[in-house]
Amino acid sequence: VQRFTAVDRAEVVEAGLRAHARHREGLKGFDAGLTLRLLDRDGDYARLERWQDMDALLRATHDESYLPHLASLTALADVRHELAVSVGQMPAAVPIAEAGRLVLVEAVVESEPARFEMDFGALVGSCVTAEGYGGSDLLRSVVDPRVYTGVLWWRDPESCDRVLTTPAYLDRRAKL
């Protein structure tokens, strides 16, 4: 998970992010990736990448060609990196790359991680039967095991907006 906060104009940052994505996607061992513009935080972006295995990620990150790409990005945006592993996925009805809307749920859990993971599962459970639901994944940081990033996605923004206003979702989100 990479997070970017723009220090330059959005169109310049987005062009840099596209170049970064093309470079990463061409590397051996790359499995999938998605770059998101965060709607609730102007100038913020996130990039989610999945690699075939840890060796592939390490080779790509330590490859000398990566440093110039990283340098060009840090000139455009503050960059933060997080290594995370999936601790729970719901089979996708819609491939994440085809999603019309994604929701990121970020949390720092001080105690009872198993309970948080179950509560996130209950939040997902309030979504799975809704029209347009795409899938979900819960990621846990390898560096700081208190940090979670949940990802839920929908086929289209309208389906997502409908779910996010239901009493069941709002109740589960509040409990989370």
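The values are calculated or read from the model by the stated rules, or taken from the named source; none is laboratory data. From a predicted model like this one, the values you see are computed outputs, not experimental measurements. Here the Cβ positions follow ideal geometry from the backbone for every residue, glycine too, while neighbour counts run over all protein chains shown. Just the protein is used for accessible areas: all its heavy atoms, side chains included, with ligands, DNA and RNA removed. Shrake-Rupley method; radii C 1.70, N 1.55, O 1.52, S 1.80 Å.
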Within region 69-78, residues under 19 Å from THR149 (Cβ atoms) and either hydroxyl-bearing (Ser, Thr, Tyr) or surrounded by 15 or more Cβ atoms within 10 Å (Cβ to Cβ) (or both) come out as ALA77
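Residue by residue, here is whether (1) open to solvent by less than 80 Å² (accessible area, probe 1.4 Å); (2) polar (S, T, N, Q); (3) closer than 30 Å to ALA10 by Cα holds:
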residue	(1), (2), (3)
ALA21	yes, no, yes
SER65	yes, yes, yes
GLU82	yes, no, yes
LEU102	yes, no, yes
CYS127	yes, no, no
GLY132	yes, no, yes
Condition set in contact (Cβ under 8 Å) with a residue 24 or more places away in the chain and over 18 Å from the mean Cα position of the chain (by Cα), scope region 54-63, selection surrounded by the most Cβ atoms within 10 Å (Cβ to Cβ): answer is ALA60
Could you tell me how many of the residues in region 156-169 are in a helix (DSSP H, G or I) and open to solvent by less than 90 Å² (accessible area, probe 1.4 Å)?
8
How many residues, within region 23-53, are out of contact with any strand residue (DSSP E or B) (no Cβ under 7 Å at 6 or more places or on another chain), among the charged types (D, E, K, R) and either closer than 25 Å to ASP161 by Cβ or surrounded by 13 or more Cβ atoms within 10 Å (Cβ to Cβ) (or both)?
3
Members of region 134-155 found to be open to solvent by 40 Å² or more (accessible area, probe 1.4 Å) and either among the small types (Gly, Ala, Ser) or touching a Gly at 6+ places or on another chain (Cβ under 8 Å) (or both), listed by number:
ARG155
May I ask you to verify whether GLU106 is of a type in the set (Asp, Glu) and in contact with a Phe, Trp or Tyr (Cβ under 9 Å, 6 or more places away or on another chain)?
yes
Looking at (1) touching a Lys or Arg at 6+ places or on another chain (Cβ under 6 Å); (2) closer than 23 Å to LEU34 by Cα, find the lone condition where ALA122 falls short.
(2)
Given the structure, is ALA97 open to solvent by 40 Å² or more (accessible area, probe 1.4 Å), over 19 Å from ALA168 (Cα atoms), of a type outside the set (Ser, Thr, Tyr) and assigned to a helix (DSSP H, G or I)?
yes
Of the residues in region 16-37, those that are hydrophobic (A, V, I, L, M, F, W, C) and not in a helix (DSSP H, G or I) number 5
